[in-house]
1. Please determine whether any residue of the range 53-76 is in a helix (DSSP H, G or I), closer than 27 Å to ASN107 by Cα and in contact with a strand residue (DSSP E or B) (Cβ under 9 Å, 6 or more places away or on another chain).
2. Cβ contacts < 6 Å: first residue among the aromatic types (Phe, Trp, Tyr), restricted to the range 65-92; second residue outside any loop (DSSP other than H, G, I, E, B), any location; separation 6+ or different chain. Result?
3. Could you tell me which of the residues ALA43, ALA37 is without any contact (Cβ under 8 Å) to a residue 60 or more places away in the chain and surrounded by fewer than 18 Cβ atoms within 10 Å (Cβ to Cβ)?
4. Going residue by residue through the range 1-8, is there one that turns out to be in contact with a strand residue (DSSP E or B) (Cβ under 7 Å, 6 or more places away or on another chain) and either part of a helix (DSSP H, G or I) or among the aromatic types (Phe, Trp, Tyr) (or both)?
5. In the range 115-151, how many are surrounded by 14 or more Cβ atoms within 10 Å (Cβ to Cβ) and in a strand (DSSP E or B)?
6. Kindly provide the set of residues from the range 152-198 that are assigned to a loop (DSSP other than H, G, I, E, B), more than 13 Å from the chain's Cα centre (by Cα) and of a type in the set (D, E, K, R), ordered by number.
7. With respect to VAL148, determine if the residue is among the hydrophobic types (A, V, I, L, M, F, W, C) and farther than 26 Å from LYS64 by Cβ.
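The values are calculated or read from the model by the stated rules, or taken from the named source; none is laboratory data. Remember, predicted model here, so these are calculated numbers, not experimental data. Backbone-built Cβ (ideal geometry, glycine too); neighbour counts: all protein chains shown.
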Amino acid sequence: MKNIVILISGGGSNMAAIVKASQRDAWHDKFGARVAAVISNKASAAGLVFAAEHGLATEVLDHKAFDSREAFDAALANVIDRFDVPGQPALVVLAGFMRILTPGFVNRYQGRLLNIHPSLLPAFPGLHTHQRALDAGCQVAGATVHQVTAELDHGPILAQAVVPVLPGDSADTLAVRVLTQEHRIYPQAIADLLRKIP
């Protein structure tokens, strides 16, 4: 069984989209895969409630309890690795996980650590992507699913979705349209990757 571990920090709408897709499309039967756990660095993350209601293991690991990023990442890796199956290490999916991960953590999960970013990378890595797209006069915006590397918001692109920037758009209205596409392409990109894993 290929286990998927999802990391969140808040509402977890992308996590919910992935869980729903995995159940609707029978990833268990089709790919021998399942979402096994949802881990958050915040106990208040609303996504934990959704995860628990859908029978998933949940864990909270408060980053404030650790002296350094390295110490937190080491503890996080220990939790994730509990869901590794011999010969089939877990796929680790960042879904609104608001922590910059250390190079050591990224290297540990190289090739199986995914993220979604609300821009058409390589444009607008980092924060405030929608406002930056508006300020730049972009006619389109979008979202990117990519494999995580040590460089923030870089790494091989697995999927992208484009949305138009409409007259009168604010960062908030644009964000809503982009998020709708995130919910579509993130599960699709994970399914495509699972297809390729023996």
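1. The answer is yes; a qualifying residue exists.
2. Here the result reads PHE66/PHE72; PHE72/HIS63; PHE83/ASN3; PHE83/VAL5; PHE83/ALA36; PHE83/ALA37, each pair linking the range 65-92 to a residue that is outside any loop (DSSP other than H, G, I, E, B).
3. ALA43
4. Taking the range 1-8 as the starting set, the residues that turn out to be in contact with a strand residue (DSSP E or B) (Cβ under 7 Å, 6 or more places away or on another chain) are 1-8.
With the extra rule that they be either part of a helix (DSSP H, G or I) or among the aromatic types (Phe, Trp, Tyr) (or both), the set shrinks to none.
No - not one qualifying residue is present in the range 1-8.
5. Residues in the range 115-151 being surrounded by 14 or more Cβ atoms within 10 Å (Cβ to Cβ) and in a strand (DSSP E or B): 10 in total.
6. ASP169
7. Considered against the rule, which asks whether it is among the hydrophobic types (A, V, I, L, M, F, W, C) and farther than 26 Å from LYS64 by Cβ, VAL148 comes out as no.
So that you can scan it fast, the table gives a plain yes or no per residue for (1) among the small types (Gly, Ala, Ser); (2) in contact with a helix residue (DSSP H, G or I) (Cβ under 6 Å, 6 or more places away or on another chain); (3) free of Cβ contacts under 8 Å to residues at least 40 places away in the same chain:
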residue: GLN147; (1), (2), (3): no, no, yes
residue: PRO156; (1), (2), (3): no, no, yes
residue: GLN160; (1), (2), (3): no, no, no
residue: ARG177; (1), (2), (3): no, no, yes
residue: GLU182; (1), (2), (3): no, yes, no
residue: ARG195; (1), (2), (3): no, no, no
